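> Below you will find the structure I want to go over with you.
The values are calculated or read from the model by the stated rules, or taken from the named source; none is laboratory data. Please read all numbers here as calculations on a predicted model, not as lab measurements. Neighbour counts are summed over all protein chains in view; Cβ atoms, including those assigned to glycine, are modelled from backbone coordinates with ideal geometry. Ligands, DNA and RNA are excluded from the accessible area calculation, which covers all protein heavy atoms including side chains. Shrake-Rupley method; radii C 1.70, N 1.55, O 1.52, S 1.80 Å.
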Amino acid sequence: MNTLGRYLGQAMAYLMFIAFVGYFSTSPSYVHVPADMALIKFTFSHAGKRVKEFDDTRSKEEMANLPPQLRKKKLSRERASLEVEFEMDGQMLFDKTIAPRGLARDLPSPIYERFLVPAGTHHFKVRMRDSIHVEGFNYFGEKTMTLKPLQTMIVDFDDIRNEFVIH
């Protein structure tokens with residue numbers, strides 16, 4: 001009788017565990033995007049321009065006296081922070097300065113933001129500055145789009161063509 005009680009208790013424990021996992025695998029329901037909204041993913045990774053081109057102030061004579069392996073000019077690896085603005089219908093959604101990653105601040109600056117917006121026709125503008133040697137913004141993107149409910153729009157930066165892609 002003792003073993004029968006143990007088996008029944010074990011079976012009850014398994015059934016309770018299965019019921020617990022089964023319930024929480026489907027409930028409570030999670031909605032990623034409400035039915036009347038659209039999603040904008042503002043995401044890209046871009047390396048700013050170098051802060052200083054050359055740190056080397058050695059003369060040609062000094063360079064000639066050095067061994068060949070030390071004659072290279074010292075190139076600064078530090079990159080400028082990105083200044084990024086993203087607006088929809090004249091309202092600013094994103095306005096930040098993103099510092100470059102890495103110990104020497106020489107890696108790209110990553111951006112990833114999600115925005116839930118009402119479905120419909122909207123006008124988008126995106127601006128970015130990636131150099132400390134430039135006044136104002138040096139990259140622009142602008143597009144008017146009609147977003148359907150539950151549609152996902154992506155704003156990206158193409159490093160090859162140096163332009164924003166909104167699709």
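> Taking a temperature of 25 °C and a viscosity of 0.890 mPa s, what whole-number D in µm²/s does Stokes-Einstein yield for the chain with Rh from Kirkwood over alpha carbon pairs? Mind showing how you got there, number by number?
On the way: Rh = 20.9 Å.
Answer, rounded: 118 µm²/s.
> In nm, what is the difference between 0.36 nm times the number of residues separating LEU70 and PHE115 and their Cα-Cα distance? Show your work: numbers first, answer last.
On the way: separation 45, 0.36 × 45 = 16.20 nm, distance 5.06 nm.
This chain segment gains 11.1 nm when fully extended.
> Calculate one ³J(HN,Hα) per residue across segment 26-38 by plugging θ = phi - 60° into the Karplus curve 6.51 cos²θ - 1.76 cosθ + 1.60, and present them in order as whole Hz with x for glycine and proline.
Taking θ as phi minus 60°, the curve returns 10, 9, x, 6, 10, 10, 5, 9, x, 4, 9, 10, 10 Hz for segment 26-38.
> Then there's this: In the Gaussian network model of the chain, springs joining C-alpha atoms below 10 Å, which of LEU66, LEU150, LEU103 carries the largest mean-square fluctuation?
Taking springs between Cα atoms under 10 Å, the residue moving most is LEU66.
> I would also like to ask the following. Shape of segment 1-96 from its Cα gyration tensor (a ≥ b ≥ c, root eigenvalues): rounded if a/c is under 1.5, otherwise prolate when a/b > b/c, or oblate? Working shown, then result.
On the way: a/c = 9.28, a/b = 2.11, b/c = 4.39.
Here segment 1-96 falls in the oblate category.
> To continue, here is another question. Hey, what did segment 1-134 get for relative contact order, percent, Cα under 8 Å, at least 6 apart?
Details: 185 pairs, mean separation 40.0, N = 134.
Computed value for segment 1-134: 30 percent relative contact order.
> Which of VAL84, MET12, ALA104 sits farthest toward the positive end of the charge dipole of segment 1-149, with +1 on the Cβ of Lys and Arg and -1 on the Cβ of Asp and Glu?
Checked the options; the winner is ALA104.
> Show me, bin by bin at 5 Å from 0, the whole-percent P(r) of segment 121-167 based on Cα pairs.
5, 18, 25, 20, 15, 9, 4, 2, 0
> Next question, about the same structure. Using the crude model of +1 on Lys and Arg Cβ and -1 on Asp and Glu Cβ, and no other charge, please compute the dipole size for the chain relative to its Cα centre, in debye to 20. The partial results should precede the final answer.
Numbers: 23 positive and 21 negative charges, 136 e Å.
The calculated dipole for the chain is roughly 660 debye.
> Another question, then. How would ARG79, ARG71, ARG101 line up by accessible area, probe 1.4 Å, largest first?
On the way: ARG79 55, ARG71 105, ARG101 125 Å².
Reading off the accessible areas and sorting them downward yields ARG101, ARG71, ARG79.
> I'd like the carbon and sulfur percentage of the solvent accessible area for segment 1-91, probe radius 1.4 Å, heavy atoms only, ligands and nucleic acids excluded. Before the final figure, lay out the partial values.
Values: 4190 of 6990 Å².
That fraction is 60 percent.
> Pairs on different chains or at least eight residues apart, Cα atoms closer than 28 Å: how many lysine pairs in the chain fit?
Lysine pairs, 8 or more places apart or on different chains, close enough: 25.
> I would also like to ask the following. Excluding ligands, DNA and RNA, what is the solvent-accessible area per residue of the chain at a probe of 1.4 Å, expressed in Å²? Walk me through the numbers on the way to the answer.
Details: 11560 Å² over 167 residues.
So the chain comes to 69 Å² accessible per residue, rounded to a whole number.
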